[in-house]
Amino acid sequence: MPWRGWHLSGVIMFNEHARWIWIDRNTGVVNQYVCFRKEFRLARKPKQAALTISADSDYQLFVNGEEVYGRQFSDYPQARSYDTYAVARLLRPGRNCIAVLGYFRGIDASEYRKGHPGLIVALAANSQSVVSDGSWSCRLSPSFKSGPMPVVTNQMGIPVECDARREDAWQTVAYRHGRGWRAAVELAGPTDGYWRNLAPRPLPQMRRL
């Protein structure tokens, strides 16, 4: 797909083909962890490549199995910010894979207001683009526990329960889909549905030492 994005103050924004996606249309879920995958091919290694991403409530991003460190800024529900990462060094000729662990909190807390579960992604690599849409695969995470959990305080939010023994290298190019995977559901375009505004992240990411 040719890149047909637009720019604002030199920052790449989502093009009109990108879609907010999730595992289904249920907005009443709480504490849901969803794995997303998209495989694609490149004729050659790009000299430059930018990947833009936004989610409600949070994300963990991987390109060809390597984590691209960053997390979602805490926004208002219908006005989300997006992050843009330089990922050319992670791409290769032939098969490639974008993998995202999406997380939706689903309850109000001291630093979060309940919104709508969703993930939107756009990769621009030379003249080629890859965007989130119904061609992506998804499943509930087999290792993270989804669903209602006891909440200690609003400040601490929902506890995390994870069994790492259930991980199956789903973030890698070599992975082959097992049981539980399905096509992602398209929810809306970048700003023509529940979400009305997308803007660059207002503050830098925390630095990992």
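Some points to look at:
- Relative contact order [Cα under 8 Å, 6+ residues apart], segment 76-190, whole percent: 28
- The alpha-carbon atoms of the chain, seen along their principal axes, cover 50, 40, 37 angstrom, with the largest extent given first.
- Per-residue HN-Hα couplings for segment 153-163 [Karplus 6.51, -1.76, 1.60; θ = phi - 60°; Hz; x = Gly/Pro]: 8, 4, 5, 7, x, 8, x, 9, 10, 9, 10
- Top of Ala109, Ala125, Ala49 by mean-square fluctuation, Gaussian network on the chain, Cα under 10 Å: Ala109
- Distances between placed amide hydrogens fall under 5 Å for Gln72 paired with Tyr59, all partners being 5 or more residues away or on another chain.
- In the distance distribution for segment 110-195, Cα-Cα pairs more than 19 Å apart total 60 percent.
- Computed about the Cα centre, the dipole magnitude for segment 45-108 is approximately 500 debye when only Lys and Arg (+1) and Asp and Glu (-1) carry charge, each at its Cβ.
- Segment 23-72 - Rg over Rh from alpha carbon coordinates, Kirkwood radius: 1.03
- Using a Gaussian network model of the chain in which every pair of alpha carbons under 10 angstrom is joined by a spring, one finds that among Gly189, Gly134, Gly147 the greatest mean-square fluctuation is at Gly147.
- About its Cα centre, the dipole of the chain is roughly 680 debye, where the only charges are +1 on Lys and Arg Cβ and -1 on Asp and Glu Cβ.
- Placing unit charges on each Cβ (+1 for Lys and Arg, -1 for Asp and Glu) gives segment 1-140 a dipole about its Cα centre, and among Ile21, Ala109, Val130 the Cα reaching farthest toward its positive end belongs to Val130.
- Sites excluded, GluC sites (Glu not before Pro) in DSSP loops with at most 16 other C-beta within 10 Å, longest stretch of the chain: 17-110
- With θ taken as phi - 60° and the Karplus curve 6.51 cos²θ - 1.76 cosθ + 1.60 applied, the whole-hertz 3J(HN,Hα) list for segment 51-59 is 10, 10, 8, 8, 7, 10, 10, 7, 8 Hz, x standing for glycine and proline.
- Legend: P(r) of segment 68-158 from all alpha carbon pair distances, 5 Å bins from 0, whole percents, reading 2, 9, 18, 19, 20, 14, 8, 6, 3, 1.
- Mean separation of Cα contacts under 8 Å, 6 or more apart, over the residue count of the chain: relative contact order %: 32
- Ordering His177, Pro159, Leu203 by Cα displacement along the dipole of the chain toward the positive end leaves His177 in first place; charges were set at the Cβ atoms of Lys, Arg (+1) and Asp, Glu (-1).
- Segment 83-136 - charge dipole about Cα centre, Lys and Arg +1 at Cβ, Asp and Glu -1, debye rounded to 20: 180
- Extension gain, Arg182 to Gln128: 0.36 nm times the residue separation minus the Cα-Cα distance gives 16.9 nm.
Throughout, read-outs are computed from the coordinates displayed, never taken from laboratory work. This structure is a prediction, so every number in the text was calculated from the model and none was measured. Backbone-built Cβ (ideal geometry, glycine too); neighbour counts: all protein chains shown.
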